[in-house]
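Scroll down for the structure; my scribbles are underneath it.
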Amino acid sequence: MLIIRAFFILSAALLSFQIAKVQLGRIDYACVAFFVTASLITYIFYLLSRLKKVPLRTLIGGFSGMVIGLFIANLLLRGAPFVDLFDNPRTSFTLYLLTYSLLAYISLEVGLKKGDEFDLIHSLVSKQRRDREKIVDTSVIIDGRIADVCETGFIEGTLVIPQFVLHELQLVADSSDPLKRVRGRRGLDILKRIQNQAKVEIEITEKDFPRIKDVDAKLVALAKKRDAQILTNDFNLNKVADLQGVDVLNLNQLAEALKPLVLPGEALDVMVSKEGKESMQGVAYLDDGTMVVIDNGRSLVGETATVIVTSVLQTTAGRMIFAKRKNGSQKTANQA
């Protein structure tokens, strides 16, 4: 670019030199024209390079102010009676030039200063970001909570369902594994439920990336292409998208933020569902899926018991509650 600019400046300066030499017939005038043209174009390139750092709203404000100033100057000079008092054309021309220049300069300065307050573009961008498309992952469809969130009206914009996500969901629904088959069909039912809602719009896109085999990588590529967000509860997809600068809405993080706080010393009634990894531990789950590890709770597997919270551990994968048995309060399922 520097070579191109230098060539352009030299060519324009040589052309000015040639024109001045032919028209005026004086070499000194031609040399002056050469240096003036070269200096003027160099300064223009300098201004253009500086304008790259100026915010767009400032440029719009300055340009708008200059146009308004020229318009006002035109109105003043057309209706000003004192203009006709000058018989000398040079005096009238000087008055016109001075008036136009002065008002244009004043309006330009005001426009540049007030341009920073011109927040229309920022407002439009902010609105666009609020209404950004959200690309839905397979995991969040199967999870099902997305339908409830949509019904509350907290999800705005368009939910984009890629065709490759539907294909993956179809494979899960047609799986030979009964558990996967139930989850896949549940996901299809959830999609149908969301489509029947009036609060969100569903878009099925055929856009695919044949060279990319992994579905998570396809989701990230599609989000980058459409400047969209990814709606998921997949921890690994969340990390990959963050590394590539893609915004992610994670339902698990939302659920963690909305979970009621459990403090040590509180009593919980839980159903002990299985044995823990450590000796004599029992494991139960709250209604929201939070794991409760019960010390000396292995003998309570299959029973409903009252336990006392001893500590709460918050991890990136979720929240874990550690508890101990409350003697004399357990109640077996058979006894119930």
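The values are calculated or read from the model by the stated rules, or taken from the named source; none is laboratory data. As the structure is a prediction and not an experimental result, all values here were calculated from the model. Counting neighbours? That spans all protein chains shown, and the Cβs are built from the backbone with ideal geometry, glycine included.
The table that follows gives values for the structure above.
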| read-out | value |
| --- | --- |
| Within the range 208-246, considering residues that are among the basic types (Lys, Arg) and in contact with an Asp or Glu (Cβ under 8 Å, 6 or more places away or on another chain), the one nearest to LEU166 (Cα to Cα) | LYS218 |
| Hits in the range 236-256 (condition: among the hydrophobic types (A, V, I, L, M, F, W, C), out of contact with any Gly (no Cβ under 9 Å at 6 or more places or on another chain) and touching a residue at least 12 places away in the same chain (Cβ under 8 Å)) | LEU237, VAL240, ALA241, VAL246, VAL248, LEU249, LEU251, LEU254 |
| Any helices (runs of 4 or more DSSP H) falling wholly within the range 1-101 and containing at least 1 residues that are within 19 Å of GLY111 (Cβ to Cβ) and at pLDDT below 70 | 27-51, 56-79 |
| The range 134-165, subset among the charged types (D, E, K, R) and buried (at least 20 other Cβ atoms within 10 Å of the Cβ), residue modelled with the lowest pLDDT | ASP143 |
| Qualifying residue in the range 176-190 (condition: touching a residue at least 12 places away in the same chain (Cβ under 8 Å), in contact with a strand residue (DSSP E or B) (Cβ under 7 Å, 6 or more places away or on another chain) and in a helix (DSSP H, G or I)) | no |
| VAL165 vs. criteria of a type in the set (Val, Ile, Thr), part of a helix (DSSP H, G or I) and over 30 Å from VAL293 (Cα atoms) | yes |
| Answer residue from the range 189-209, given it is aliphatic (A, V, I, L, M) and surrounded by 12 or more Cβ atoms within 10 Å (Cβ to Cβ) and is modelled with the lowest pLDDT among those | VAL200 |
| Among (1) surrounded by 13 or more Cβ atoms within 10 Å (Cβ to Cβ); (2) out of contact with any Phe, Trp or Tyr (no Cβ under 9 Å at 6 or more places or on another chain); (3) within 25 Å of VAL283 (Cβ to Cβ) - the single one ILE212 does not satisfy | (3) |
